[in-house]
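Asker: My questions all concern the structure below.
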Amino acid sequence: MIKNRQELDILREALKKALDKQTKKVLVCAGTGCIAGGSLLIYDRLKELMAEKGINCTVELQVDPHDDSVGLKKSGCHGFCEMGPLLRIEPFGWLYTKVQLEDCEEIVEKTIMNDELVERLAYKKNGQVYPKQEEIPFYKSQTRVVLDLCGHVDADSIDEYIALGGYTALEKALFDMDGDQIVKEIKDSGLRGRGGAGFPAGIKWETVRKLESDKKYILCNGDEGDPGAFMDRSIMEGDPHRVIEGMLIAGVATGANDGYIYVRAEYPMAVARLKNAIKQAEEKGLLGDNILGTDFSFRVHINRGAGAFVCGEETALIASIEGERGFPRVRPPLTVVKGLFGKPTVPNNVETYANVADIINKGSAWYKNIGSEGTSGTKAFALTGNIENTGLIEVPMGATLREIIYDIGGGCRGGADFKAVQIGGPSGGCLTKEHLDLPLDFDSLRSVGAIIGSGGLVVMDEHTCMVEVARFFMNFTQNESCGKCVPCREGTKRMLEILERIVAGQGKMEDLDTLEELADMIMSTALCGLGKTAPNPVCSTLKYFRDEYVAHINGTCPAGTCKGLMKITIDPELCKGCSKCARTCPVNAIEGKIKEPYTINQEKCIKCGACVDSCPFKAIKEG
């Protein structure tokens, strides 16, 4: 138990020395993606091999170790998910990609024992080898602030976090600043909420600080439900103490003594690592009563959500924590005035709190120097879809889509042409080629009818049907509607029905006007922010790809992907009458005689494509 500031500083120095005694460090990515690829088996095998070869291997940081050692660590997500499982080797800064179990012996013998690079495991692009992680184009164009330690430290170790400067911002907030100064620093930094709307965090903190109440709460929204988004999950898994420290500082600033982290149950590893981090902080005396000998007390609680998308909306999230069904409520009163258990509450998301410690340590001027005017700092994005380099990235606010897609993402997969990107999940909208040089910040995106949202970026190439994209997101939103208000419950259902008719080849021109009327009604009258933004994917695709909607109504899918508009035919010049396709067809839609060209009964055909795959003469075509 650390009793005061001096004891924490002494411990930090001892832990720094212990970390320095690890002459080499092997950081095995233990993010969700790499674990799915077998990274924990690789970790166990490396540990086993080092024991066999008599190498002094340290898996937990120890104060005052007697001998130099090799530190073997389970880190958080390295970000380059496309190339996992990943290993980082210190002090060289080497990154090994697509590591397999059978590579472990060579890694131990060459790299750990003889300081040699295993070149075949290094990243390669266009014939060039990139041994060092920071030189790989995927990383070189990024600016990592929130993700700075993800992939560089043991994700389960409070000692490593403290050794690398963790909880120094809490010290500063407790001993060198008062609440007004902390709030001013956050306001001056220009930090805006990273969960969607981009509301200034400092204004929320200031409002709660000024209110008189017997109880106040700090609320961390980790209910990340957008398809293709995993930024908050990776932060909670890879650097949980950064989030906790941010919440502690918010508590100091506002006079709150309790914090709640709401995490969806689909994130079991994030929950486990947060629980471990809370336990470690309590054991160290950095959570609990009279922290570091002051009169400030703070406790953190974890609530697991059942996976309802609507619980990402803060009033629905609060209802869920209170044991009620996750329904949003009408505002005012605002959450900062009457939030959790009816008390003043600061609601921010995971990434927002993860920025706080650096702002306190380095100052608001440093933070404002990153990003664009009006939108300071960086933003983490989950880059997915038809892109060469999928993964977790972090760039300054104001970075362009072109920089993200081409410099970091490596362009569309297989050299295909870029068509659009869905930003902000179901609540966001489509950006197209004309937006490639648009700065990605809150205000610029709002001007073109899109939002950053939580930070999902789903890239689509020339082979993507934009009408189907709109249908997919509307289907998600309709399924996730809480049903409390009629505009969202019924309006999204009607929009989905129309979109399903259009992709099935049964659309009418008047459907487009109806979609726009329904979208306007929902955006104007839905109860919560999620409902109001539900039509965004439809509105943006209608705006930029209206010709595709018209083509569907006229009987063709320009991308050739909508089965309802596909027609499978047999070329009589190529058909040999072998009957293999007829025997394969599950609905007996193929008719004919042996050794004569067969035909397809279009009324019976279900367009499954089984006949296309079975034809040995390539006589059957989709189109």
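Asker: Gly251 versus (1) part of a helix (DSSP H, G or I); (2) within 23 Å of Ile35 (Cβ to Cβ): which is the lone unmet condition?
Answerer: Every condition holds for Gly251 apart from (2).
Asker: Condition check: part of a strand (DSSP E or B), of a type in the set (Val, Ile, Thr), touching a strand residue (DSSP E or B) at 6+ places or on another chain (Cβ under 9 Å) and surrounded by 14 or more Cβ atoms within 10 Å (Cβ to Cβ). Does Val129 satisfy that?
Answerer: Details: part of a strand (DSSP E or B): yes; of a type in the set (Val, Ile, Thr): yes; touching a strand residue (DSSP E or B) at 6+ places or on another chain (Cβ under 9 Å): yes; surrounded by 14 or more Cβ atoms within 10 Å (Cβ to Cβ): no.
No, not satisfied.
Asker: If you take just the helices (runs of 4 or more DSSP H) that sit entirely in the stretch 500-573, which of them hold at least 2 residues that are under 34 Å from the mean Cα position of the chain (by Cα) and of a type in the set (S, T, N, Q)? Quick ask: steps written out before the conclusion?
Answerer: Numbers: elements: 510-525, 529-533, 536-544, 546-553.
Output list reads 510-525, 536-544.
Asker: Which residue, of Leu440, Leu445, is touching a residue at least 40 places away in the same chain (Cβ under 8 Å), closer than 24 Å to Thr352 by Cα, out of contact with any Gly (no Cβ under 6 Å at 6 or more places or on another chain) and aliphatic (A, V, I, L, M)?
Answerer: Working: Leu445 fails: touching a residue at least 40 places away in the same chain (Cβ under 8 Å).
Exactly one of Leu440, Leu445 is touching a residue at least 40 places away in the same chain (Cβ under 8 Å), closer than 24 Å to Thr352 by Cα, out of contact with any Gly (no Cβ under 6 Å at 6 or more places or on another chain) and aliphatic (A, V, I, L, M), namely Leu440.
Asker: Separate question: Could you please give the count of residues in the stretch 177-194 that are buried (at least 20 other Cβ atoms within 10 Å of the Cβ) and either hydrophobic (A, V, I, L, M, F, W, C) or in the same structural domain as Ile452 (by TED's automatic domain parsing) (or both)?
Answerer: Within the stretch 177-194, residues that are buried (at least 20 other Cβ atoms within 10 Å of the Cβ) and either hydrophobic (A, V, I, L, M, F, W, C) or in the same structural domain as Ile452 (by TED's automatic domain parsing) (or both) number 4.
Asker: Would you confirm whether any residue within the stretch 230-241 is outside the structural domain of Leu440 (by TED's automatic domain parsing), acidic (Asp, Glu) and outside any loop (DSSP other than H, G, I, E, B)?
Answerer: Looking for residues that are outside the structural domain of Leu440 (by TED's automatic domain parsing), acidic (Asp, Glu) and outside any loop (DSSP other than H, G, I, E, B), one finds at least one in the stretch 230-241, hence yes.
Asker: Every residue in the stretch 1-35 that is of a type in the set (D, E, K, R), under 30 Å from Thr97 (Cα atoms) and under 32 Å from the mean Cα position of the chain (by Cα), please.
Answerer: Listed by number, the residues that qualify are Lys16, Lys24, Lys25.
Asker: So, in the stretch 177-220, of the ones that are small (Gly, Ala, Ser) and part of a helix (DSSP H, G or I), which residue ends up nearest to Phe442 (Cα to Cα)?
Answerer: Taking the stretch 177-220 as the starting set, the residues that turn out to be small (Gly, Ala, Ser) are 179, 189-190, 193, 195-198, 201-202, 213.
With the extra rule that they be part of a helix (DSSP H, G or I), the set shrinks to 179, 189, 201-202.
Details: Gly179: 28, Ser189: 16, Ala201: 14, Gly202: 16 Å.
If we take residues in the stretch 177-220 being small (Gly, Ala, Ser) and part of a helix (DSSP H, G or I), then Ala201 is nearest to Phe442 (Cα to Cα).
Asker: For the stretch 262-274, indicate whether the set of residues that are modelled with pLDDT of 95 or more and farther than 30 Å from Leu61 by Cβ is non-empty.
Answerer: The answer is yes, given that some residue of the stretch 262-274 is modelled with pLDDT of 95 or more and farther than 30 Å from Leu61 by Cβ.
Asker: Within the stretch 164-176, which residues are surrounded by fewer than 22 Cβ atoms within 10 Å (Cβ to Cβ) and either on the phi > 0 side of the Ramachandran plot or in contact (Cβ under 8 Å) with a residue 24 or more places away in the chain (or both)? Break it down into steps so the answer makes sense when it comes.
Answerer: First, the residues of the stretch 164-176 that are surrounded by fewer than 22 Cβ atoms within 10 Å (Cβ to Cβ): 164-165, 168, 171-172, 174-176.
Hits for the stretch 164-176 are Leu164, Gly165, Thr168, Glu171, Lys172, Leu174, Phe175.
Asker: Go through the stretch 595-615 and count every residue that is assigned to a loop (DSSP other than H, G, I, E, B) and either surrounded by 13 or more Cβ atoms within 10 Å (Cβ to Cβ) or modelled with pLDDT of 95 or more (or both). Step through it out loud before you land on a result.
Answerer: Filtering the stretch 595-615 down to residues assigned to a loop (DSSP other than H, G, I, E, B) leaves 595-598, 601-609, 615.
With either surrounded by 13 or more Cβ atoms within 10 Å (Cβ to Cβ) or modelled with pLDDT of 95 or more (or both) added as a condition, the list becomes 597-598, 605, 607-609, 615.
Number satisfying all stated conditions: 7.
Asker: Considering Thr390, Thr352, which residue is assigned by TED's automatic domain parsing to the domain that holds Gly425 and under 22 Å from the mean Cα position of the chain (by Cα)? Don't jump to the end; show me each part of the working.
Answerer: Values: Thr352 fails: assigned by TED's automatic domain parsing to the domain that holds Gly425.
After ruling out the rest, the residue left standing is Thr390.
Asker: Quick check on my filter: what residues within the stretch 440-459 are closer than 18 Å to Pro535 by Cα and in a helix (DSSP H, G or I)?
Answerer: Listed by number, the residues that qualify are Leu445, Arg446, Ser447.
The values are calculated or read from the model by the stated rules, or taken from the named source; none is laboratory data. Not measured: the values here are computed from a predicted model. Neighbour counts are summed over all protein chains in view; Cβ atoms, including those assigned to glycine, are modelled from backbone coordinates with ideal geometry.
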